[in-house]
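Colleague: This is the structure I want to talk about, given as structure tokens.
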Amino acid sequence: MPAVRIVLVNTSHPGNIGAAARAMKNMGLAELSLVEPQSFPSAEATARASGADDLLAGAQVCATLAEALRDCTLVIGASARNRTLPVPMLDPRASAALVAEQPSDSRVAVVFGRERTGLTNAELDRCHYLVRIPANPAYPSLNIAAAVQVIAYELRLAADSAPARQESRHRFATAEEMERFYQHLEETLLALEFLDADNPRQLMRRLRRLFGRARPNENEVNILRGILTAVGRRCR
Ligand code: SAH
């Protein structure tokens, strides 16, 4: 089983952060990242966490989602909506099975959105998969801590039955390495005038999908970056 980080994006209610921490600790998860929490630390979060205030004390507060994901090699976004995005949608059991088969020396993030508006498209662009908890179609949106509970429970079940796995020889690229690659790719495509800064359309989003699907390892990303560097030299 890899390390699992629960990431809560821009949560409004500190009580929800506390309740999510409690749900995590019950299921044996320990890594919590908070991206731009609206109120944290907070007495209400601590009260709702009950005996899980150690998770709150250890929570990492991040200014951006990129920072919370930087060392993760698999990113799963939790979404209540049936999105029309071309990102594969899993149910909680399938997502937990996917997590359980990741190398034990890697780190996975599960990202939860805002209480009112969920995750933005730009945030979903950073996810390899989406997970949706099957629910009443007329009322599908769970309280965020309840959603964390369901996902964490499935991760617990999957971890309990997962065989011990070996470490990977070539690890998948981390989110941070992929962001640097996308930056480099964008600069190169601009220099080539393949990408028009005034009319970028969906090009970078589509390329993110493509490379996200391929999930290159660190070696492969280095090859791609080497190609971009060679192209950049020729352009100049
Ligand atoms: N109105 C928002 C719902 C936000 S609920 C929307 O339409 O997106 C807050 C967060 O809890 C969501 O962003 C998601 O991460 C999680 N969540 C709530 N219900 C869920 C469900 N049925 N499946 C998966 N995640 C869910």
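What follows draws every value from the coordinates through simple rules; no lab data is involved. All values derive from a computational prediction rather than experimental measurement. Cβ sites come from the backbone with ideal geometry, for glycine too, and all protein chains shown count toward neighbours.
Colleague: Can you give me the C-alpha center-to-center distance between segment 57-126 and segment 180-236, rounded to a whole angstrom?
Modeller: Segment 57-126 and segment 180-236 have Cα centres spaced 23 Å from each other.
Colleague: If all Cα-Cα distances of the chain are sorted into 10 Å bins from 0 onward, what percent lands in each bin, rounded to whole numbers?
Modeller: Histogram of Cα-Cα distances, whole percents per bin: 7, 31, 34, 19, 8, 1, 0.
Colleague: Now, a different point. Against the globular-protein guess of 2.2 N^0.38 Å, express the Cα radius of gyration of segment 92-196 as a ratio, rounded to two decimals.
Modeller: The value comes to 1.37.
Colleague: If each DSSP helix of 4+ residues adds -39,500 (n - 2.57) and the sum is divided by the residues in the chain, what number results at 222 nm, nearest 500 deg cm²/dmol?
Modeller: -14000 deg cm²/dmol
Colleague: Net charge near Ala66, counting Lys/Arg +1 and Asp/Glu -1 over other residues with Cβ under 15 Å of its Cβ?
Modeller: Numbers: positive: Arg5, Arg70, Arg107, Arg126, Arg180, Arg208; negative: Glu36, Glu67, Asp71, Glu123, Asp125, Glu176, Glu177, Glu179, Glu186.
Here the charged neighbours net out to -3.
Colleague: May I pose another question? If you add up the charges near Leu32, with Lys and Arg at +1 and Asp and Glu at -1, over every other residue whose beta carbon is less than 12 angstrom from its beta carbon, what do you get?
Modeller: 0
Colleague: Ratio of Rg to Rh for segment 170-233, alpha carbon only, Kirkwood?
Modeller: 0.98
Colleague: Taking the Cα-to-Cβ direction at Ala230 and at Ala146 and moving 7 Å from each Cα, how far apart do the two end points lie in nm?
Modeller: Placing both labels 7 Å beyond Cα along the Cβ direction yields 5.5 nm.
Colleague: Could you work out the Rg to Rh ratio of segment 11-149, with Rh taken as the Kirkwood radius (inverse of the mean 1/r over all Cα pairs)?
Modeller: That ratio is 0.94, to two decimals.
Colleague: To continue, here is another question. Using 7 Å Cα-to-Cβ label points, what is the Ala138/Asn82 separation (nm, one decimal)?
Modeller: The modelled label-to-label distance comes out at 1.6 nm.
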